[in-house]
Number of protein chains: 4
Amino acid sequence: MILPPIPTPFDGKGRLDTGAFQELALALEPLVDGLLIYGSNGEGVHLTPEERRLGLQALKPRKPFLVGLMEETLPQAERALEEAREAGAFALLATPPRYYHASLGEGLLRYYEALAERMPLFLYHVPQNTRVDLPLSAVAALGQHPKILGIKDSSGEMLRLAFYQARLKDFRVFTGHAPTFLAALALGAEGGILAAANLAPRAYKALLTHFQQGRLAEAQALQRRLYPLGDLLSRGGVPLLKQALRHLGLPAGYPRPPYPQESPFFGELLPVLDSLKEEGWIL
Amino acid sequence: MILPPIPTPFDGKGRLDTGAFQELALALEPLVDGLLIYGSNGEGVHLTPEERRLGLQALKPRKPFLVGLMEETLPQAERALEEAREAGAFALLATPPRYYHASLGEGLLRYYEALAERMPLFLYHVPQNTRVDLPLSAVAALGQHPKILGIKDSSGEMLRLAFYQARLKDFRVFTGHAPTFLAALALGAEGGILAAANLAPRAYKALLTHFQQGRLAEAQALQRRLYPLGDLLSRGGVPLLKQALRHLGLPAGYPRPPYPQESPFFGELLPVLDSLKEEGWIL
Amino acid sequence: MILPPIPTPFDGKGRLDTGAFQELALALEPLVDGLLIYGSNGEGVHLTPEERRLGLQALKPRKPFLVGLMEETLPQAERALEEAREAGAFALLATPPRYYHASLGEGLLRYYEALAERMPLFLYHVPQNTRVDLPLSAVAALGQHPKILGIKDSSGEMLRLAFYQARLKDFRVFTGHAPTFLAALALGAEGGILAAANLAPRAYKALLTHFQQGRLAEAQALQRRLYPLGDLLSRGGVPLLKQALRHLGLPAGYPRPPYPQESPFFGELLPVLDSLKEEGWIL
Amino acid sequence: MILPPIPTPFDGKGRLDTGAFQELALALEPLVDGLLIYGSNGEGVHLTPEERRLGLQALKPRKPFLVGLMEETLPQAERALEEAREAGAFALLATPPRYYHASLGEGLLRYYEALAERMPLFLYHVPQNTRVDLPLSAVAALGQHPKILGIKDSSGEMLRLAFYQARLKDFRVFTGHAPTFLAALALGAEGGILAAANLAPRAYKALLTHFQQGRLAEAQALQRRLYPLGDLLSRGGVPLLKQALRHLGLPAGYPRPPYPQESPFFGELLPVLDSLKEEGWIL
């Protein structure tokens, strides 16, 4: 399964653009297995609670979708969870509380258990953004919970994936780290939730299929081919992803201020995009 | 100047308790030079925008106060800034945007400049919580802005304070790191905004006065004396501070769930509190 | 190709035991494709120059072997390089200078170039021990040198292996990180130089063969099976490896003082060893 | 007490220059309270055991001196310790074993205890170079040993110095971090062992004297004045220190290859040196 974390479009003045959001979803959905909304590249943390609701209501995805939840406490998470459920998300994708992480202690387990009582969820480990750890012992403990379905791990740390593969049963793993995608598959990931899949959805699906059907050489060739795309997007983040989508004519809008509208990595990305496009891999 | 970052009380179910907030402020204000609201230990990031407004309206401090602002984007910061201004804060204390920090680039400067156009502010460097850097070069550039008054630096990294002292003119520095308080003063800090000053306000004021009046031996003795308090609070964070205040009979309430109501450091803190109390230093 | 980094035996008083060294090599060599001497687990940095020479002379391996070189400057490296060449090593395995790494600058490239003028070498990236980085840009530059054959990368960071795979031609990659072995193979590593291969040499060879012959399910099953062994050894280091070998009756001796003779991880390792032994995988 | 860590001169081809070493010591000794030989900036780790002996024999300092010891195991430390004792050092300055630090465990305490049985010593915490931690709990335990006199702490982490000041009795503390010198004094350090004291010995002695005699404003003014020198040297390391000394006509020689003969920071250092020289602070 390949899911793109769909970007949330803002206009040039930083206002949420629900029309563009809808349009972007319509363009992406046919090419992928579902969506992640308000996820790693979805700027969920850049929305007020009210905007968050408006965006979700506008979207109405037709394929299965996850909703990202990056709140700090349970009372704050309440509303976002309820809206995700009403909108029909099949699960939450929830980061740990982070601002006071050092004094969270057992609260980490309590947080996920309280959410999971209300709705199925995936753990979300994305230390590049949250800058906190989700210890393997906590993942192992939470993995026992019937409503905690698995994890999206964007760290790119394969030691973690080796642990999930060797130690956890019936635990679904998605990688969020495109440059090491094939390594994650070898260590048991079932798919990817990848920013790069907003741009080259069919390429990542092809890589996954090659791997699943034992065509290792083809999978390795495509991994090599896609490495620059995944690597650049993991360094350029939201500004680069949105700029690339705009360049391709998609209504991805701009990052919210003060984030820059243009990325210093775009010059490096252009030839990568162009050559992948020539081979038919872009959108 | 010694300011405590006043905690924001929640009741046992995690609801904001504005009455307790008011009461707590009344108890602390007479002992200090002012307050920091929604700061390092004020759980500003644990409030919805609406709660944030309610708390601030309830408080009505009589001494000068700062308001913490830990938002991710300018549109989100708008409302908090406006409310701080209306409430009469003399300045904001603003952390950098953090979730997508790696792609922020020049947006860091743009963020602070846009805020400072509207209201005087202090930069807020608290990497223990934000987990992002505020580079010295950015501090130096922003320090030129007439409405950027200075910085609260909670990192405890004295190399940064040595830089401010040697390189910046008319730049006000407060430390937020109690265990190294006297070192910060030696390197030019004018005071402290210290969680520990919620518990031992007069002791920190005395230390500051000893230093200012050249009584170095007395300052060193008090620094040694207060080290365990500052060190434990910097490790125990909000749960420990609130538990200590409750223990002393103050209406500090509880951390917001899933943060634990009791701290693993409290056992270690008790004898420290008791012996400081015997000497008359607690509240 | 699977190579174990053979441990260097010291007796209970910390004296180099060349007889045991010889015996240990004789026991291991038939089971593997060659040896790494004075490598990651070989305590090369624990020998005086004179001891280093004595050990190497005693060993006389019959299979191809690499010699580790962890010196700080070129004049110091001179003697070790000469002895490795005389002993018949097919290449050096050289870490970067580390004590003053921050001021090394272009000296990093100069170091490897000067060594490579004299003898073929592999770069050695083992940040767990050296605690310095070997930047990808430096690897790419050095990879052009005809006598720099490749790299042993023990970091376990798959992003690095993805880079080697996508960007470098004719560059041989060995992983030194057993817990992620299969991921490294998927990203183009040709084999492993693994502490765990001192204990389960045939198991790692079998995993490699499964992978090379497209038996992915078998490779994944063995990867899962071997994960605990690799993971524990990467945490327990030399004391654990030597204790495990002694437990199996091999003359691995003890770590040099003040390193402990027994590892806190041995209790956890025992059942892992036992169950792998039952399946016929140990030595 | 102000001690410079005297650099060890190598000629343009990387050979130890004992004549220059002697000459350099003669030039520095009259200006300082003693010397640190083979310390942080002394490239002790760049010498073979034989060279180490030759250098030490050539030096014959007349003032009290410390000898740095950066070995990995006790058997390796044996010879260096013996030679330091014979040469008349008043104490060793010893870093922890580092290459296999993660599996050192209690060996850390055993190492220092075994050395201290033979000769008085100071602990040496210089994580910029060793890249290992010397935990505060270990310092506290070792501080009880009658032959372990104190610590040189070059980390610049004032939290450590606050701990020493508050928790350890009769424990002598020297800072090795020039840019925060005054902060260290405020937290109880008795002096400095500073690379910058090779260049501006009298300035650091003056700063120390101002502080000791309660002239805080003068101490702060000199701290501000010396900050750029200390900061640049801490970033430029040995290549910069030697280049600066050569520029001043002192026979400091060159760093050992592959370390660069010239520092990228020298351009920035020149005006700092010049203006301090005008004020009479350089040598």
Discussion item. Being out of contact with any Gly (no Cβ under 6 Å at 6 or more places or on another chain) and within 7 Å of another protein chain (Cβ to nearest Cβ): is that true of residue A:104 here?
Written reply: yes
Fill in: Candidates D:214, D:267, D:188, D:249, filtered to the one that is out of contact with any helix residue (DSSP H, G or I) (no Cβ under 9 Å at 6 or more places or on another chain) and part of a loop (DSSP other than H, G, I, E, B)
D:249
Item to complete: Please indicate, with yes or no, whether at least one residue in the range D:12-32 is under 21 Å from residue C:45 (Cβ atoms) and out of contact with any Ser or Thr (no Cβ under 9 Å at 6 or more places or on another chain).
Response: no
Worksheet item: For the subset of the range D:85-109 comprising residues that are out of contact with any Phe, Trp or Tyr (no Cβ under 9 Å at 6 or more places or on another chain) and in a helix (DSSP H, G or I), which member is farthest from residue C:265 (Cα to Cα)?
Response: D:86
Item to complete: Give B:175, B:130 a once-over and let me know the one that is more than 14 Å from chain A (Cβ to nearest Cβ), among the polar types (S, T, N, Q), within 24 Å of residue B:236 (Cα to Cα) and within 15 Å of the chain's Cα centre (by Cα).
Response: B:175
Worksheet item: What number of residues within the range A:27-57 satisfy the criterion of being closer than 20 Å to residue A:123 by Cβ, away from every other protein chain (no Cβ under 14 Å) and of a type in the set (Val, Ile, Thr)?
Response: 1
Discussion item. Residue C:249 - would you say it is at positive phi and either among the hydrophobic types (A, V, I, L, M, F, W, C) or within 11 Å of chain D (Cβ to nearest Cβ) (or both)?
Written reply: no
Practice prompt. Kindly check whether there is at least one residue in the range B:21-28 that is in a loop (DSSP other than H, G, I, E, B), in contact with a Leu (Cβ under 8 Å, 6 or more places away or on another chain) and closer than 29 Å to residue A:130 by Cβ.
Written response: no
Worksheet entry | From D:166, D:162, D:141, residue being farther than 24 Å from residue C:99 by Cβ, assigned to a helix (DSSP H, G or I) and more than 14 Å from chain B (Cβ to nearest Cβ) | D:141
Item to complete: Name the residue, out of B:214, B:188, that is at positive phi, free of Cβ contacts under 8 Å to residues at least 24 places away in the same chain and away from chain A (no Cβ under 14 Å).
Response: B:214
Worksheet item: Is it fair to say residue D:231 is over 27 Å from residue D:157 (Cβ atoms) and of a type in the set (Asp, Glu)?
Response: no
Practice prompt. Could you figure out which of (1) buried (at least 19 other Cβ atoms within 10 Å of the Cβ); (2) at positive phi; (3) more than 10 Å from every other protein chain (Cβ to nearest Cβ); (4) not aliphatic (A, V, I, L, M) isn't true of residue C:60?
Written response: (1)
Practice prompt. Can you work out which of the residues in the range B:217-246 that are among the basic types (Lys, Arg) and within 12 Å of another protein chain (Cβ to nearest Cβ) is nearest to residue A:100 (Cα to Cα)?
Written response: B:235
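I'd like to check something: does the range D:82-89 contain any residue that is at the interface with chain C (Cβ under 8 Å from one of its Cβ atoms) and of a type in the set (Asp, Glu)?
No.
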Fill in: Filtered residues of the range A:126-138 (kept if in contact with a Ser or Thr (Cβ under 6 Å, 6 or more places away or on another chain) and outside any loop (DSSP other than H, G, I, E, B))
A:127, A:130
Item to complete: Working only within the range A:32-53, note down all residues that are in a helix (DSSP H, G or I), farther than 30 Å from residue A:282 by Cα and in contact with a helix residue (DSSP H, G or I) (Cβ under 7 Å, 6 or more places away or on another chain).
Response: A:49, A:53
Worksheet item: Right, residue A:112: under 20 Å from the mean Cα position of the chain (by Cα), surrounded by 20 or more Cβ atoms within 10 Å (Cβ to Cβ) and either modelled with pLDDT of 95 or more or farther than 21 Å from residue A:172 by Cβ (or both) or not?
Response: yes
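The values are calculated or read from the model by the stated rules, or taken from the named source; none is laboratory data. Bear in mind the structure is a predicted one, so any value in this text is a computation, not a measurement. Note that we place each Cβ from the backbone using ideal geometry, even for glycine, and neighbour counts take in every protein chain shown.
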